[in-house]
1. Given 5 Å bins starting at zero, what is the percent of C-alpha pairs of the range 4-103 in each, up to the one with the largest pair distance?
2. Counting Lys and Arg as +1 and Asp and Glu as -1, what is the net charge of the other residues whose Cβ lies under 11 Å from the Cβ of Asp194?
3. In terms of the Cα gyration tensor, with a ≥ b ≥ c the square roots of its eigenvalues, is the range 104-153 rounded because a/c is under 1.5, prolate because a/b exceeds b/c, or oblate?
4. Only four residue types carry charge here, +1 at the Cβ of Lys and Arg and -1 at the Cβ of Asp and Glu. Report the dipole size of the range 162-224 about the Cα centre in Debye, rounded to the nearest 20.
5. Mind ranking 290-299, 308-317 by how tightly packed they are, going by the mean number of other C-beta atoms within 10 angstrom, highest first?
6. Can you order the peptides 342-352, 180-190 by their average number of other Cβ atoms within 10 Å per residue, highest first?
7. Filter the DSSP H helices in the chain by two things, a Kyte-Doolittle mean of at least 1.6 and an axial alpha-carbon span of 27 angstrom or more, and list the hits by number.
8. Give the lysines whose C-alpha is closer than 26 Å to that of Lys158, dropping any in the same chain fewer than 8 places away, or say none.
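Where a number appears in this text, it was derived from the coordinates with a stated rule and is not lab data. All figures in this text were calculated on a predicted structure; none of them were measured in a lab. In this analysis, Cβ positions are derived from the backbone assuming ideal geometry, glycine residues included, and neighbour counts consider all displayed protein chains.
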Amino acid sequence: MIESLLVANRGEIARRIIRTARQLGVRTIAVHSEADVDLPFVTEADEAVCVGPANPAQSYRNPAAILDAARSTGAAAIHPGYGFLSENADFARTVAASGLVWVGPGADAIAAMGDKINARNLMAAAGVPVAAGTADPAATVDAALEAAAAIGYPLMVKAAAGGGGMGMAVAADEAALRTEYDKVRAFAERMFGDGSVLIERYFPRVRHIEVQILGLADGRVVALGERECSVQRRNQKLAEESPSPALTPDLRAALLAAAVRAGAAVGYRNAGTVECLFVPDAAGAAGGEFFFLEMNTRLQVEHPVTELVYGVDLVAEQLRVASGLAPGFDPDALAPRGHAIELRVNAEDPKRFLPGPGVISAWTEPAGEGVRVDSGYALGTTVTPFYDSLLAKLIVHGADRAEALARARAAVAGFEVAGPKCNLPFFAELLNNPEFVGGDYDTGIVARMRAPQPK
């Protein structure tokens with residue numbers, strides 16, 4: 001096992017990584033911005049280094065500052081968490097070239113899966129289902145229109161280098177495609193430095209289901225079940241659960257096998273997630289088809305639901321793979337137990353989901369059987385406007401989905417946050433929503449919940 005670990009992240013995921021590393025006897029180093037100096041993850045690490053001002057580009061996204069901190073503290077490895085530099089292939093290469101261990105997949109795998117068009121083509125070649133779309137970037141609006149004629153409307157217009165739900169738009173007809181193409185291309189150039197645009201079939205009713213994979217040190221790739229991630233606002237997840245209530249046993253087996261093929265196709269090592277679109281059959285019919293969406297070459301925000309269902313500490317396994325060690329579980333005896341639900345408690349209002357930072361004047365976390373809270377803040381700390389609005393992740397586990405739902409309702413009722421805005425009231429509503437409770441929902445559920453009601 002590596003002896004020391006620098007965590008190149010902040011908030012709840014930094015605390016999460018530090019907790020497991022310390023349990024394994026690994027010395028931990030936190031890096032933080034000037035704005036985060038008082039957050040719990042800073043004091044919980046064995047050592048902490050300020051790497052710059054609040055602006056992420058000058059701190060958490062600053063490769064030179066992160067590497068300087070690693071050298072000055074004698075860190076043996078770097079764990080990037082999620083976001084920031086976690087899927088930056090150049091940074092992963094630099095870390096390895098500096099003689100440090102990168103706790104994540106190799107830079108080549110990150111690069112291969114970071115471009116949506118390249119990833120689509122690789123997956124198609126590996127026998128993973130992909131939706132109809134362009135095999136090359138649509139370099140002009142005329143090229144996009146030509147692709148649309150072959151694919152058919154409606155279409156999804158995507159930034160090929162995008163991620164996290166950013167750089168996407170739906171075009172229902174030629175006029176909309178002309179408008180959205182220019183918008184997405186400009187956004188992609190501004191945000192990602194790459195204006196490449198992918199045109200892909202859009203499905204009006206779809207579910208977002210992903211598979212947790214782990215590439216082991218011996219070269220094998222294993223799947224640790226799926227997660228349903230269809231509760232979204234602005235293409236970004238709010239709640240996840242495992243297993244998905246949408247899949248039949250045969251579909252689940254096919255999905256997991258496809259995810260393993262996806263990882264094997266790029267020689268994947270460490271933790272990653274194969275995200276898919278699942279298009280259900282007509283209402284009332286069991287079944288449907290799935291298509292590869294993208295691969296996240298890092299640990300996911302929602303990894304705790306997999307941990308609770310499979311009894312595997314994914315951060316510990318990441319560290320074991322990075323250290324060249326065998327897994328801490330039997331890959332041939334993986335079996336899910338029960339049901340888990342995760343709710344992303346954000347500093348945002350529960351109606352329009354607009355962020356609202358502030359000083360936390362009340363903070364009471366729920367407890368009890370099957371309840372877990374991964375938090376980044378505490379009473380008296382300040383939620384600043386510089387970063388993602390995630391305050392904590394509330395995760396519950398039950399013997400079945402009904403028990404998990406009941407525990408989630410009780411946990412939401414027992415979670416008190418005051419000071420910044422908070423979306424806990426939304427989850428109280430979601431957990432009693434007939435669509436969600438029944439399990440027959442899709443990515444449009446939040447929009448339907450927030451649609452104006454007839455007077």
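1. Using 5 Å bins, I get a P(r) of 3, 15, 29, 28, 18, 6, 1 for the range 4-103.
2. +1
3. It comes out oblate by the Cα gyration axes.
4. In debye, rounded to 20, the range 162-224 gives about 160.
5. Descending mean neighbour count gives 290-299, 308-317.
6. Highest to lowest by the protection proxy: 342-352, 180-190.
7. Span-like helices in the chain: none at all.
8. Lys116, Lys183, Lys237
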